[in-house]
Amino acid sequence: MPQVMISAVHKSSGKTTVSLGLCRALAMRGHKVQPFKKGPDYIDPMWLTQAAGTPCHNLDFRTMTNGEITQRFAHQAHAADIALVEGNKGLHDGMDVKGSDSNAALARLLGLPVVLVVDTQGMARGIAPLLLGYQAFAPDVRIAGVILNKVASARHEGKLRAAIEHYTSVPVIGAIRLDPSMTITERHLGLIPSCEATEADETIARIAATVGASVDLDRLTEIAATAEPLPPGSAAMRAPANGGDVRIGIARDAAFGFYYASDLEAFRAAGAELVEFDTLRDPHLPKVDGIFIGGGFPETHLDALEANASLRRELRATIEAGLPVYAECGGLMYLSRSVGWQGKRADMVGAIPADVVMNPRPAGHGYIRLRETGKGPWPNARAEFSAHEFHYSTLTDIGPGLDYAYEVLRGTGIDGRRDGIVYRNLLASYAHLHDSEANSWPRRFVGFVRHCSLAAPMRLAAGA
């Protein structure tokens with residue numbers, strides 16, 4: 001099956017925009033496109049999902065083994081016409097100086113040809129030694145094509161093409177002009193999520209029209225068809241459960257939308273039915289056995305969250321009654337007493353005895369390593385695992401006597417030493433968990449919800 005990696009020389013080269021355009025342009029040609037995103041990211045996958053019409057899956061060396069990455073890739077890609085993996089940062093960037101967690105390493109692991117997106121602003125003949133250097137640095141990673149991005153003019157494009165053709169063997173498969181209308185608005189955590197962008201589909205369509213007209217899509221699919229076959233049997237994974245015996249409410253709206261597609265798949269495989277609710281508009285919770293509130297941007301929706309007082313009251317009452325609840329980052333913020341941002345303070349759910357303050361710089365950013373304390377409501381049999389955090393907020397005036405599910409071995413968490421506030425059957429942390437062999441948290445959470453439901457039925461009737 002055709003499969004390709006879209007990478008770049010460095011961060012902010014425009015590879016996400018190009019990847020979005022390629023996904024939609026290929027889908028418009030009738031291809032079933034399966035997108036993937038390398039690394040821990042929620043926002044780019046949301047855009048890629050909308051562009052391709054297929055859920056984007058993350059492939060992350062720090063939270064998954066090589067075997068898991070290969071298996072998940074094969075499982076999700078086997079039914080598609082083409083798989084497109086968007087890298088993160090530059091082709092050879094990563095935490096390991098030897099490159100074991102780089103985009104190049106992922107391309108090597110999966111046997112993917114690489115199409116390199118190059119920001120050509122201020123560049124002409126110098127593009128040739130740049131490409132030659134990338135080829136020489138890792139000759140076992142095949143740079144099968146280049147897309148020239150942010151090209152100033154036809155004359156500029158001609159100079160770039162002439163240098164590449166004269167000095168290298170890398171084919172130019174596209175040249176995209178510098179166009180401000182191709183830009184997606186950013187803020188403190190990167191791109192604005194597609195769930196908040198009211199004209200997201202129009203933006204994607206506009207990008208796809210430009211990319212589709214500027215890139216040789218036939219040549220791209222030809223390159224993708226040269227990918228190495230994956231090992232036999234690597235597509236075998238657990239089959240999803242038929243239906244679900246527990247109902248788990250999941251906050252899905254403009255304020256909360258950070259969910260890994262593979263985690264939601266794992267929920268269903270464990271026997272959960274996911275029931276969406278809107279924290280901004282729904283006055284009552286749906287009838288559920290447990291609740292999951294993921295990350296997002298509650299700070300940009302303070303007025304609407306505070307105004308929905310009936311839902312906040314119900315959430316606090318259900319937590320006090322012992323309903324199993326799991327919250328990550330933005331969800332943690334929402335369950336606190338209040339959130340303060342840009343001179344404004346708004347009341348939140350109040351289940352967690354702490355206030356949230358937004359800071360001008362990240363308080364926690366990157367991979368986090370956690371050790372279970374045993375005080376969590378659904379402890380892990382394997383006590384240490386890696387996760388990810390990216391938050392500008394901190395908790396203040398934290399109430400005394402709280403239990404914490406995790407000891408922070410690397411990273412920030414809540415206070416540099418601990419993460420995962422535990423209150424009754426609530427677990428709320430800054431860490432974003434990713435389903436893996438080392439931390440199969442959806443299965444454990446669903447099991448805990450099932451246990452609580454059987455031990456003491458407490459389904460919440462709508463409007464109760």
To test your reading of the geometry: what angle, between 0 and 90 degrees and rounded to tens, separates the Cα axis of helix 309-321 from the longest principal axis of the chain? 70 degrees
Charge tally in the Cβ shell below 14 Å around Pro113, where Lys, Arg are +1 and Asp, Glu are -1, Pro113 excluded: 0
Relative to the longest principal axis of the C-alpha atoms of the chain, give the angle of the C-alpha long axis of helix 66-77, reported between 0 and 90° and rounded to the nearest 10°. 80 degrees
Given charges at Cβ of Lys, Arg, Asp, Glu: the chain dipole, positive-most of Gly145, Ala162, Gly111: Ala162
Sorted from fewest to most neighbouring beta carbons within 10 Å, what does the list Lys98, Lys15, Lys159 look like? Lys98, Lys159, Lys15
Using alpha carbon positions and the Kirkwood radius, the Rg to Rh ratio of the stretch 284-362 is 0.96
Please report the antiparallel percentage of DSSP beta bridges with both residues in the stretch 246-455, rounded to the nearest 5. 60 percent
Taking the square root of 5λ for each eigenvalue of the C-alpha gyration tensor of the chain, the equivalent ellipsoid has semi-axes, largest first and in whole angstrom, of 41, 23, 21
Helix-only [θ]222 nm of the chain, DSSP H runs n ≥ 4, -39500 (n - 2.57) each, per residue, nearest 500: -9000 deg cm²/dmol
Subtract the Cα-Cα distance of Ala438 and Ala455 from 0.36 nm times their separation in residues, and report this length gain in nm to one decimal. 3.3 nm
Placing each pseudo-label 7 Å from Cα in the direction of the beta carbon, Glu222 and Arg361 end up separated by a distance in nanometres of 5.0 nm
Counted neighbours (other Cβ, 10 Å), sorted fewest up, put Cys23, Cys329, Cys452 in the order Cys452, Cys329, Cys23
Please give the peptides 407-416, 102-111 ranked by average Cβ packing (other Cβ atoms within 10 Å per residue), highest first, as a rough proxy for protection. 102-111, 407-416
Where in the stretch 78-106 is the amide nitrogen less than 15 Å from a point lying 7 Å along the Cα-to-Cβ axis of Asp140? 98-106
Give Lys38/Lys150; Lys98/Lys375; Lys37/Lys150; Lys89/Lys150 a once-over and call out the pairs whose C-alpha atoms are over 27 Å from each other. Lys98/Lys375
Antiparallel bridge percentage (DSSP; both residues within the chain; nearest 5): 40 percent
Calculated FRET efficiency, Ala321 and Arg281, Cβ-Cβ r, R0 30 Å, to nearest 0.05? 0.80
Proxy exposure order for Ser12, Ser19 (fewest C-beta within 10 Å first) is Ser12, Ser19
Would you calculate the volume per residue, in Å³, of the smallest convex hull containing every Cα atom of the stretch 307-415? 102 Å³
For a distance above 33 Å, tell me the whole-number percent of Cα pairs in the stretch 3-224 that qualify. 10 percent
Relative to the chain, whose Cα atoms define the longest principal axis, helix 43-52 and its Cα axis are tilted in degrees, nearest 10, by 60 degrees
Report the per residue volume, in Å³, of the convex hull enclosing the C-alpha atoms of the stretch 246-455. 106 Å³
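Read the figures in this text as sums done on the coordinates, not as results from a lab. Keep in mind that this is a model prediction, so the values were computed, not measured. Methodologically, a virtual Cβ is constructed for each residue, glycine included, from the backbone with ideal geometry; neighbour enumeration extends over all protein chains shown.
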